[in-house]
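Below is one structure, written out as C-alpha cells; comments come after it.
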Amino acid sequence: MMSWVEYYEIAAIEAQWNFKLWLRYLNKSIQRDKINLSDKDIETILNSDKLQDWQRYFLKQAVKVNTLPWKMTVEYSEPADFWRLREYIKKRALK
C-alpha cells in the first residue's frame, strides 16, 4: 500500500501547474472532521523536493483548521450551499 508521503510526491508532480488538481489531491486526506496526515507525514511532504513552492505553502496552510486553504480543501468535496441564491429567491417571492 502507498504511504501518504509517496501519494503526495506523485500528486505534486501530476499537479505541479494545476491548482484545482492539487486541491483535489489534498482533499483525499484533509476532511472537515479529520486530517489523515501525521505531523511526520506533513513535515516529510513539506521537505520533499517534488513539491513546487506554491504547493508547499498551500499544504502548510491547508492542515491548519479554519484557514482559508483548509476551508477550500474541505469544501471541495461537499455539496454547494447556495444560501445567497435561496435568500434572493425568498425575497423575490415575498414581493
Roughly what would the spin-label model give for Q61 and D33, points 7 Å off Cα along C-beta, in nm?
2.8
Which residue, L46, A15, S3, has the largest displacement toward the positive end of the dipole of segment 1-51 when charges sit on each Cβ (Lys, Arg +1; Asp, Glu -1)?
A15
Within the chain: Cβ-based charge dipole about Cα centre, in debye rounded to nearest 20 (Lys, Arg +1; Asp, Glu -1):
920
On a straight-distance basis, which aspartates and glutamates could pair with K34 in a cross-link, Cα separation under 17 angstrom, same-chain partners fewer than 8 positions away excluded?
E75, E78
To the nearest 0.05, how large is the calculated FRET efficiency for I10 and D81 if R₀ is 30 Å and r is the Cβ-Cβ distance?
0.40
Per the Debye formula with a single identical scatterer at each Cα and no solvent contribution, what log10 I(q)/I(0) holds for the chain at q = 0.20, 0.24 Å⁻¹?
-0.92, -1.26
Can you show me the helix-derived [θ] at 222 nm for the chain, built from DSSP H runs with n ≥ 4 at -39,500 (n - 2.57) apiece and divided by the number of residues, rounded to the nearest 500.
-17500 deg cm²/dmol
For Y88 and T44, calculate 0.36 nm times their separation in residues minus their Cα-Cα distance, and state this gained length in nm to one decimal.
11.2 nm
Search the structure for amide H atoms under 5 Å from the amide H of I35, placed 1.01 Å from N in the peptide plane, and list their residues when 5 or more places away or on another chain.
none
Using alpha-carbon positions, the gyration tensor of segment 1-40 gives root eigenvalues a ≥ b ≥ c; with a/c under 1.5 called rounded, otherwise prolate if a/b exceeds b/c, else oblate, the class is oblate
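Here, each number is a calculation from the coordinates, and none is a lab measurement. On a predicted model such as this, the values are computed, not experimentally measured, just so you know. Counting neighbours? That spans all protein chains shown, and the Cβs are built from the backbone with ideal geometry, glycine included.
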